[in-house]
Amino acid sequence: MTLMAVFYYFDAYKPKIGPVGNGPDPDLILTNFLGMIVTGGCFIIIGLIGVHIKRKLKHKK
């Protein structure tokens, strides 16, 4: 998710062909980018917690 956020950010500012006035919306791009980064960070933290719990249960037996 974090890598997708970086790709989205660079893709959003890549020049595109279209009518004048259809440029990128910086506020929307930044909001989506930060939301994706936070979501990706949460996934990483949840994964690390899951690995920690699994290791703890494995050593308990």
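For ASN22, the requirement of being of a type in the set (S, T, N, Q) and over 13 Å from the mean Cα position of the chain (by Cα) is met. If you go through segment 1-20 one residue at a time, do you hit one that is surrounded by 10 or more Cβ atoms within 10 Å (Cβ to Cβ), part of a loop (DSSP other than H, G, I, E, B), aliphatic (A, V, I, L, M) and out of contact with any strand residue (DSSP E or B) (no Cβ under 7 Å at 6 or more places or on another chain)? Within segment 1-20, one or more residues are surrounded by 10 or more Cβ atoms within 10 Å (Cβ to Cβ), part of a loop (DSSP other than H, G, I, E, B), aliphatic (A, V, I, L, M) and out of contact with any strand residue (DSSP E or B) (no Cβ under 7 Å at 6 or more places or on another chain).
If I filter segment 25-44 for residues that are outside any helix (DSSP H, G or I), open to solvent by less than 90 Å² (accessible area, probe 1.4 Å) and without any contact (Cβ under 8 Å) to a residue 40 or more places away in the chain, do I get at least one hit? Looking for residues that are outside any helix (DSSP H, G or I), open to solvent by less than 90 Å² (accessible area, probe 1.4 Å) and without any contact (Cβ under 8 Å) to a residue 40 or more places away in the chain, one finds at least one in segment 25-44, hence yes. Only one residue in VAL51, VAL38 is modelled with pLDDT of 90 or more, on the phi < 0 side of the Ramachandran plot, more than 17 Å from the chain's Cα centre (by Cα) and among the aliphatic types (A, V, I, L, M). Which one? Only one candidate qualifies: VAL51.
The values are calculated or read from the model by the stated rules, or taken from the named source; none is laboratory data. All values derive from a computational prediction rather than experimental measurement. Virtual Cβ from ideal backbone geometry, glycine too; neighbours counted across all protein chains shown. Accessible surface is based on the protein model in full, side chains and every heavy atom, while ligands, DNA and RNA are left aside. Shrake-Rupley method; radii C 1.70, N 1.55, O 1.52, S 1.80 Å.
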